[in-house]
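Quick notes on the structure that follows.
The values are calculated or read from the model by the stated rules, or taken from the named source; none is laboratory data. The structure displayed is predicted, hence computed values, not measured ones. In this analysis, Cβ positions are derived from the backbone assuming ideal geometry, glycine residues included, and neighbour counts consider all displayed protein chains.
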Amino acid sequence: RHAGDQHMSRKPPRRAGASDAKDGVGYGKPPAEHRYKPGQSGNPKGRPKGSKNETTIINKLLNRKIDIRENGRLRKITVLEGILTRFADDALRGKDKSAAFLLNRQQFLETSSEQPANDVLDIDDRKVLDFYADQLYEKFKKQGESE
């Protein structure tokens, strides 16, 4: 740089004036005439009322009622119940991934929430489920090794 260019790129030092002292003007403290008035928003457009996030949309979709025909009768169930019913049907037809999904989901729900004592599986039922889950795990492990 040249010595003559220096005066153009630098700002002169700011001097504290009388108005600065009484208004408390500075970083984060705009002059009183430029501050938000009581009840005035700093983001007037903001998020529109009624706009939904992804969780709200998914919950609405999964809780929507649909009609299904079961044993010749029309029945209303939620989409979530329909999806889980399909998994259960597939599991009963021998689709191991569906069975594993449902069993893992059940185990997760049991361990993540407090349940009343009368809903807890007895020891024999738990042993049967654990045995079945172990068999599925070994089967998937063997399939993963062979691929």
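Got at least one residue in the stretch 39-53 being more than 23 Å from Leu129 (Cα to Cα) and in contact (Cβ under 8 Å) with a residue 12 or more places away in the chain?
Residues of the stretch 39-53 that are more than 23 Å from Leu129 (Cα to Cα), as a first pass: 39-53.
Now drop any that are not in contact (Cβ under 8 Å) with a residue 12 or more places away in the chain, which leaves none.
No: the stretch 39-53 contains no residue that is more than 23 Å from Leu129 (Cα to Cα) and in contact (Cβ under 8 Å) with a residue 12 or more places away in the chain.
Of the helices (runs of 4 or more DSSP H) lying entirely inside the stretch 1-78, those carrying at least 1 residues that are at pLDDT 85 or above are 54-63.
Residues considered: Glu114, Glu81. Of these, the only one that is assigned to a loop (DSSP other than H, G, I, E, B) and either modelled with pLDDT of 85 or more or loosely packed, with under 10 Cβ neighbours inside 10 Å (or both) is Glu114.
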